[in-house]
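Scroll down for the structure; my scribbles are underneath it.
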Amino acid sequence: MSTNIKPSASHVARIMGIMEDAFDPAYGEAWNTRQINDALTMPSTRGLVVDPNGQHIPDESPIDKTKPAAGFVLTRKAADEEELLLIAVAPRFRRMGLGERLIHRLFERAQLGGTRHIFLEMRRGNPAIHLYEKVGFKPIGERPNYYRLSNGERVDAITFGLTL
């Protein structure tokens, strides 16, 4: 995961390439390039990108079409807590265990950095709930009508937590 002051263009491009494929515009969950750049500029925010085999792609490495970016996780750390901001796997690489591998890499790196608790928030009905529960996240809170979908409908947010 990166703690760069200025994220590399290739790192941001990899994240954005996955994001554009992975997030359904109907839910408005994808971030834009500026949001990713701004987040990665903060030393407390870290991004990890992996290839189809789940291997870390170094932030500064040039784009290599023979080794595509398949998934990423973006987190923000404060004290002994870390928030999973975004996680995505490109659709063509789903059902290969990459999401679970990304989360386990997050857990390993978080523990090395002194993190004790990890939190995330998701919209009710997000199919990722199965992955989150599988790796040990438990629902700890709810925000009624928190998200607004592109059609104007409101959806609850569910907060999950996990102690390492």
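How do the strands (runs of 3 or more DSSP E) wholly within region 59-156 filter down when requiring 3 or more residues that are closer than 17 Å to ALA22 by Cα: which remain? Steps first, answer last, please.
On the way: elements: 71-78, 81-89, 117-123, 138-148.
Answer list for region 59-156: 71-78, 81-89.
Taken as a whole, the condition of being touching a residue at least 60 places away in the same chain (Cβ under 8 Å), farther than 13 Å from LEU48 by Cβ and aliphatic (A, V, I, L, M) does not apply to ALA79. Of all residues in region 45-76, those satisfying the criterion of being under 22 Å from LEU112 (Cβ atoms), open to solvent by less than 50 Å² (accessible area, probe 1.4 Å) and either without any contact (Cβ under 8 Å) to a residue 24 or more places away in the chain or not small (Gly, Ala, Ser) (or both) are THR45, ARG46, LEU48, VAL49, VAL50, ASP51, ILE57, ASP59, PHE72, VAL73, LEU74, THR75. Selection within region 100-122: residues that are among the basic types (Lys, Arg) and out of contact with any Asp or Glu (no Cβ under 7 Å at 6 or more places or on another chain). The member of this set that is most open to solvent (accessible area, probe 1.4 Å) is ARG101.
Among the conditions (1) at pLDDT 95 or above; (2) within 23 Å of TRP31 (Cα to Cα); (3) touching a His at 6+ places or on another chain (Cβ under 8 Å); (4) open to solvent by 30 Å² or more (accessible area, probe 1.4 Å), ASP80 misses just one, which is (2). Against the numbered list (1) in contact with a helix residue (DSSP H, G or I) (Cβ under 9 Å, 6 or more places away or on another chain); (2) closer than 27 Å to ARG148 by Cα, GLU60 comes up short only at (2).
The values are calculated or read from the model by the stated rules, or taken from the named source; none is laboratory data. Predicted, not measured: the structure shown is a model, and the values here were computed from it. We place every Cβ from the backbone using ideal geometry, glycine too, and count neighbours over all the protein chains shown. These area figures cover heavy atoms from the full protein model, side chains too; ligands, DNA and RNA do not enter into them. Shrake-Rupley method; radii C 1.70, N 1.55, O 1.52, S 1.80 Å.
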